[in-house]
Amino acid sequence: MKNTKLKKDIMKIAKEASATEFTICCGTLFVKFNSSIDQKLAYNLNTTLQTFFDKRKKNDCYVKMGAIGSTEFSYDFMPIIDYRMEGIL
């Protein structure tokens with residue numbers, strides 16, 4: 001991720017969502033929660049990140065969450081492509 005401000009904003013959101021460990025590698029946010037309600041915290045972070053990106057630019061990015069272990073999660077930031085604008089559909 002080349003945009004340093006965006007990276008800092010994402011890390012701040014992860015910290016505020018009670019993530020105990022977090023890092024961004026190759027455009028993917030990896031977080032770890034040390035809590036008994038880690039699933040709920042993970043889904044909450046996913047919603048918060050999606051809301052953050054929607055406020056920046058509507059329909060620009062989709063946040064896809066994945067579980068790595070029982071307390072570790074990944075968040076991919078996938079651009080939304082409207083192929084109708086390209087004349088493909």
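The values are calculated or read from the model by the stated rules, or taken from the named source; none is laboratory data. These numbers were taken from a predicted model, which means no experiment stands behind them. Positions of Cβ are generated from backbone atoms using ideal geometry, with glycine treated the same way; all protein chains shown enter the neighbour counts.
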Checklist line | Every pair of residues 6+ apart whose Cβ atoms lie under 6 Å, when the first sits in segment 48-65 and is without any contact (Cβ under 8 Å) to a residue 24 or more places away in the chain while the second is among the β-branched types (V, I, T) | finding: Q50/V63; N59/I80; Y62/I80
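In segment 59-74, is there at least one residue being touching a Gly at 6+ places or on another chain (Cβ under 9 Å) and either in a loop (DSSP other than H, G, I, E, B) or modelled with pLDDT of 95 or more (or both)?
For segment 59-74, residues touching a Gly at 6+ places or on another chain (Cβ under 9 Å) and either in a loop (DSSP other than H, G, I, E, B) or modelled with pLDDT of 95 or more (or both): present.
Okay, residues lined up against (1) closer than 13 Å to D76 by Cα; (2) modelled with pLDDT of 95 or more; (3) in a helix (DSSP H, G or I):
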| site | (1), (2), (3) |
| --- | --- |
| K2 | no, no, no |
| L6 | no, no, yes |
| K12 | no, yes, yes |
| S18 | no, no, no |
| S36 | no, no, no |
| K40 | no, no, yes |
| L45 | yes, yes, yes |
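Residues that are touching a residue at least 40 places away in the same chain (Cβ under 8 Å), touching a helix residue (DSSP H, G or I) at 6+ places or on another chain (Cβ under 7 Å), more than 14 Å from M78 (Cα to Cα) and among the aliphatic types (A, V, I, L, M): does segment 24-34 have at least one?
The answer is yes; a qualifying residue exists.
Being charged (D, E, K, R) and under 22 Å from K5 (Cα atoms) is the filter here; which residues of segment 41-83 pass it? Steps first, answer last, please.
Of segment 41-83, the ones charged (D, E, K, R) are 54-58, 60, 64, 72, 76, 82.
Residues satisfying the conditions are D54, K55, R56, K57, K58, D60, K64, D76.
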